[in-house]
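What follows is a short report on a single structure.
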Amino acid sequence: MFLSIRATCREGSTVDTDVIVVGAGPTGLMLAGELRLGGARVVVVEKLAQPTGQSRGLGFTARAMEVFDQRGLLPRFGTLEKSPMGHFGGIQFDYTVLQDAHFGARGVPQSQTEAVLEEWAGELGADIRRGWELTKLSEDGNGVEIVAATPDGEQRLRGAYLVGCDGGQSVVRRAAGIGFPGLPATRRMYLADVTGCAIRPRFLGERLEHGMVMAAPLAPGVDRIIVCEDGTPAGDRPQTVEFEEVAAAWERITGESLAGGGADWVSSFTDATRQASAYRKGRVLLAGDAAHVHLPAGGQGLSTGVQDAVNLGWKLAAVARGAMPDTLLDTYHDERHPVGARLLMNTRAQGMIFLGGPEADPVRAVFGELMELEDVRRRLAGIVSHLDVTYDLGPGTHPLLGRRLPPRPLELPDGTRTGTADLLHPARGVLLDLVGDPAPRETAAPWSDTVTVVTARPENPDAFAGATALLVRPDGHVAWAAGGTERDDVTAGVDRLVEALHHWFGSPEVA
Ligand SMILES: Cc1cc2nc3c(=O)[nH]c(=O)nc-3n(C[C@H](O)[C@H](O)[C@H](O)COP(=O)(O)OP(=O)(O)OC[C@H]3O[C@@H](n4cnc5c(N)ncnc54)[C@H](O)[C@@H]3O)c2cc1C
């Protein structure tokens, strides 16, 4: 039984917590940690009494790895390898054509990612309530109230804001009346973590006469297989899948028998492609699969949800603390909705190349030729690694403006070595002075409650595209840059810094 300690929110109404997060998948757990780092109280309600333990998303993209690094989380995953080779729709290419790009961390079961995030969010003070299933949701001008079915009966909980991180079938999205337009599923595909069979790996997938199969070793004696048999209808709703069904489809396509084997986990998925029409409606927001569903091509879903959470967390915490107006939350939709749309675009394109029958052969051939061009490979590496995510963060022409702060080694004035990711561990803004110029440091000094001022020398002077100083948001995106192409415009640069500080961190006296 949970005791609710009621507190009065800024608008004067009574709430139990600042933010209710619905769903303890990777998105909800990441968001819970981010909200705690930002100083907001958070309750996570999760309908499952225990984690599923399912392997599901087997890793994360290069950018998601950087995001975990920004919060000091990477050591919790153990040894992670950055795979240089990846693919687009099954056409292989080397990601290292783009600086910092790689195919991401592979072979990390989603259950492990969730365990890491749940432990971290819990340590930061997130109140995670398992066995709580949201059944009703209502919003008034001052807050959001939910009704949850729990082992102790029906419980009510009131928060100033609520974020639906409750997956593709999101109850929150429906209850809030947010549309989910897109393309319905046309086909169902199978997935199994097979034990006790010797399966030839097909990392890039293999197209055969009756469909496409993929296979990769997951753990000693366990192989992940994906089976896409041509002509398998999507069906109305997710159904329970038996191993025998998957094994039969595998045999029809490959001619290989999985007899004598079994599976740790069997599931199915479709090519449904949909995106929430709004990521915010009043006090209700959506993130992760609740906001976008797509074919799991290139393993991008979990990573996009984590990045949604990192974009939203610090903003929502600042609004909930009363430090910022709630219009700041609109920038979450403005920045992340286009990223979601691009995700749907690239996964659909991959699906057409990957799963199309002979009618797609010419597209595969043209794509294969285009992939010989370095510019094409660089562009695709940026898209699927998520390193190309760029937000419109105001005027300015520096190439880093709106982009992520790249991971680079730095030396502090006392000779200590650090890295850009380390500066972002506390999820605060950072004013990074790279040349010892006092002007930006003095400008940012009044925001010391929310912005850390750091002077550091890059080990490689070219590391930041000629920038002499940068203002970095807690999510790692550059909100202002001096130097480089803007070297001559010093006054405009400082004026823009003041504007950016006000825009993202509010007035210094209330920040
Ligand atoms: C076959 C397959 C392979 C994939 N591979 C990859 C990969 O390699 N890399 C990658 O990045 N992504 C991958 N994905 C996608 C990834 O699994 C999802 O994008 C990810 O799980 C989304 O996380 P989420 O937290 O947004 O939603 P979910 O993981 O769906 O979590 C939602 C949570 O909300 C809870 N919930 C739902 N309704 C309620 C309610 N009413 N009340 C309370 N709780 C509720 C659920 O129990 C669940 O715990 C793959 C997906 C599939 C199907």
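Quick notes
- Extension reserve of the Glu459-Glu123 stretch, reckoned as 0.36 nm per residue once the Cα distance is removed: 117.6 nm
- Model label sites at Ser111 and Ala198, defined 7 Å from Cα along the beta-carbon direction, differ in position by 2.7 nm.
- Fully extended contour minus Cα-Cα distance, from Leu208 to Val366, at 0.36 nm per residue: 54.9 nm
- Distribution of pairwise C-alpha distances over the range 362-465, 5 Å bins, in %: 2, 10, 15, 19, 20, 11, 8, 6, 4, 3, 2, 1
- The chain - Rg over Rh from alpha carbon coordinates, Kirkwood radius: 0.98
- Environment charge at Leu183 (Cβ cut-off 15 Å; Lys +1, Arg +1, Asp -1, Glu -1): +3
- Residue by residue, the range 288-296 carries 3J(HN,Hα) couplings of x, 4, 4, 9, 7, 10, 6, 4, x Hz when phi is fed to the Karplus relation 6.51 cos²θ - 1.76 cosθ + 1.60 (θ = phi - 60°); x denotes Gly or Pro.
- The range 110-195 pair-distance distribution - Cα-Cα, 10 Å bins, rounded %: 12, 33, 34, 18, 2, 0
- Scanning residues 5 or more positions from Asp230 or on other chains, those with amide H under 5 Å from its amide H are Gly211, Met212, with H placed 1.01 Å from N in the peptide plane.
- If you take the Cα centroid of the range 45-86 and the Cα centroid of the range 392-417, the two points sit 25 Å apart.
- Amide H contacts of Ala263 (H built 1.01 Å from N, under 5 Å, at least 5 apart or other chain): Thr195
- Every Cα-Cα pair in the range 157-226 was counted, and those over 16 Å apart are 67% of them.
- Principal axis extents of the C-alpha atoms in the range 132-285 (largest first, rounded to whole Å): 61, 36, 24.
- Computed from backbone phi with θ = phi - 60° and the Karplus coefficients 6.51, -1.76 and 1.60, the 3J(HN,Hα) list for the range 404-418 is 7, 5, x, x, 9, x, 9, 10, 7, x, 7, x, 5, 9, 9 Hz; x is used for glycine and proline.
- Bridge orientation summary for the chain: considering DSSP beta bridges with both residues in this region, about 75 percent are antiparallel.
- When peptides 376-386, 134-144, 16-26 are ranked by their average number of other Cβ atoms within 10 Å per residue, the highest-first order is 16-26, 376-386, 134-144.
- Set of lysines with alpha-carbon distance to Lys281 below 29 Å, sequence-local pairs under 8 removed: Lys47, Lys136, Lys315
- Taking Arg457, Arg473 and counting other C-beta atoms within 10 Å, the order from fewest to most: Arg457, Arg473
- 3J(HN,Hα) along the range 421-426: 4, 4, 5, 9, 3, x Hz, from the Karplus curve 6.51 cos²θ - 1.76 cosθ + 1.60 with θ = phi - 60°, whole Hz, x for Gly and Pro.
- Kirkwood hydrodynamic radius of the range 62-117, from the reciprocal of the average inverse Cα-Cα distance over all distinct pairs: 12.2 Å.
- Long-range HN-HN contacts of His87 with modeled amide H, under 5 Å: Phe93
- Taking only the Cα atoms of the range 305-376, the ratio Rg/Rh comes out at 1.27, with Rh defined as the Kirkwood radius.
Where a number appears in this text, it was derived from the coordinates with a stated rule and is not lab data. What you are looking at is a predicted structure, and each value in this text was computed from that prediction instead of being measured. Heads up, the Cβs are rebuilt from the backbone with ideal geometry, glycines too, and the neighbour counts pull from every protein chain shown.
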